[in-house]
Amino acid sequence: MSGVPAALPAAPAGAALRAGIAVGLAGLLAGSAWHLSGEAGGSRLALSLVFGALFGFVLQRSRFCFLCVWRDFLDHGDPRGVLGLLAALAAGMAGYTVVFGAWLPDPSGTRLPPGAHIGPVGPVLALAGLAFGAGMVVSGSCLSAHLYRLGEGAPAAPFALLGAALGFVLGFATWNPLYLAGIAEAPVTWLPRHLGYAGSLVAGLAVVGGLTLWLLRRPLPPRSAPADTDPLRAVFVARWPTWLGGLAVGAIGTLAYLRLGPLGVTAELGGRSRQAASALGLLPDRLEGLDGFRGCATALRDGLLTPNGLFVGGLVVASFAAALAAGQFRPVRPGRGHVLRGLAGGVLLGWGAMTGLGCSIGTLLSGIMAGALSGWVFGIAMLVGITVTLRLGRRVGWLA
């Protein structure tokens, strides 16, 4: 796919060194998880680190980036990346339905599944999705992709994450008026409550299946390189087919929810931003209703190690190891454009993620898997934000 240069042939000694470092990092992750699992109450932390590492490896290997695949579709008519996203949604919806059926056999009551990302639906959510989509275009990626691209040496990623922290603080500052104007009375719509588990799953798969059939009618662009027949290279060097990455993301999402909670990458960033802003006196005395909503919680952090922090740490380290092994760790010295676009786009990402109670992973992916209408609304608004920003930015010459 476009946007990621193919790995250049490397000298055997260089390849062996990279592979050795990658194996060492994998061993470090495994040893850290083993150590955490032996501590009192550490099993949750150990699992978070493991799931984060698996998620980071899959993201890096399959180029699972919402902006990249949507841009490929808009610019080149290449549907393969979008098909990968649809595969993730289909696998996750099926997996979540099995888990829900065991935990909450009757969905028609007032209870919601524990921890699932099911949020309020209204104009504020759509506005958050639009801002998040615009931030993806300006900064170059969504938040999850910026995290795995840290491991690839992407020059804008650190500044986008810094900008996202500032965006979270801005989101906290604007939360109360938005909550009172459009969130407090917004409905929290969980589709299985109205359609049942079978009806909700069939409806979701029908949407995904219809989109898949429509996309498959389009001619596929030729592959840039033949498929690698060596199993090790196919796993650790060549880019994975996007459908395979999507299925893996859906499976990881289901297992993570079963053992820990829904996938999400913004809780730690939001929580630490809230902690810092509170210490500096930048937050309102009370954030109305915020801590009562489901989603990527931004509660104040007490401990040094948290499940989401370890999940994100495992994601970054594993993506770095994967990029090293594949010869795709190519650090670039950031220029002024990287800094400015990273910060500006990051602010939009952070504001959108805070206001929307999650990002493209937490609100969109985990939300749709859980049968939340909020996930579909955020996702549609995000794609609109990407499309409009791309076209306007190119028209005025701000974007290539």
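The values are calculated or read from the model by the stated rules, or taken from the named source; none is laboratory data. All figures in this text were calculated on a predicted structure; none of them were measured in a lab. Here the Cβ positions follow ideal geometry from the backbone for every residue, glycine too, while neighbour counts run over all protein chains shown. The protein model used for the area step is the full one, side chains on, heavy atoms only, and it has no ligands, DNA or RNA in it. Shrake-Rupley method; radii C 1.70, N 1.55, O 1.52, S 1.80 Å.
Once every DSSP H run of n ≥ 4 in the chain is given -39500 (n - 2.57) and the sum is divided by its residues, what mean residue ellipticity at 222 nm do you get, rounded to the nearest 500 deg cm²/dmol? Taking each H run of at least 4 residues, the total per residue is -21500 deg cm²/dmol.
Sorted by packing (mean other beta-carbon atoms within 10 Å per residue), highest first, where do 29-36, 137-144, 44-51 land?
The most tightly packed comes first, giving 137-144, 44-51, 29-36.
For the options Leu244, Leu86, Leu263, a Gaussian network treatment of the chain with springs between C-alpha atoms closer than 10 Å singles out Leu244 as fluctuating the most.
Per residue, the average separation of C-alpha pairs within less than 8 Å and at least 6 apart gives the chain a relative contact order of 38 percent.
For region 242-298, the relative contact order works out to 34 percent when only alpha carbon pairs closer than 8 Å and six or more residues apart are counted. On a C-alpha basis, how far is the centre of region 288-348 from the centre of region 156-184 in Å? Whole number, if you could? Here the answer is 15 Å between Cα centres. Rounded to the nearest whole Hz, the Karplus-based 3J(HN,Hα) values (6.51 cos²θ - 1.76 cosθ + 1.60, θ = phi - 60°) of region 193-207 follow the sequence 5, 9, 10, x, 5, 5, x, 5, 5, 4, 5, x, 5, 5, 5, with x at glycine and proline. Normalising the average separation of contacting C-alpha pairs (under 8 angstrom, six or more residues apart) by the number of residues puts the relative contact order of region 74-204 at 39 percent. Each 10 Å bin from zero up to the one holding the largest Cα-Cα distance in region 334-395 carries the following percent of pairs: 21, 42, 28, 8, 0.
Taking Val188, Val58, Val312 in turn, the Gaussian network model of the chain (Cα-Cα springs below 10 Å) assigns the largest fluctuation to Val188. Once all protein chains are placed together, Trp103 keeps about 100 Å² accessible to a 1.4 angstrom probe.
Dividing the convex hull volume of the alpha carbon atoms of region 269-387 by its residue count gives 169 Å³ per residue. Considering only Arg336, Arg61, Arg294, give the residue with the highest GNM mean-square fluctuation for the chain, with springs between Cα atoms whenever their separation is below 10 Å. Top of the fluctuation ranking is Arg336.
Normalised by 2.2 N^0.38 Å, where N is the number of residues, the C-alpha radius of gyration of the chain stands at 0.95.
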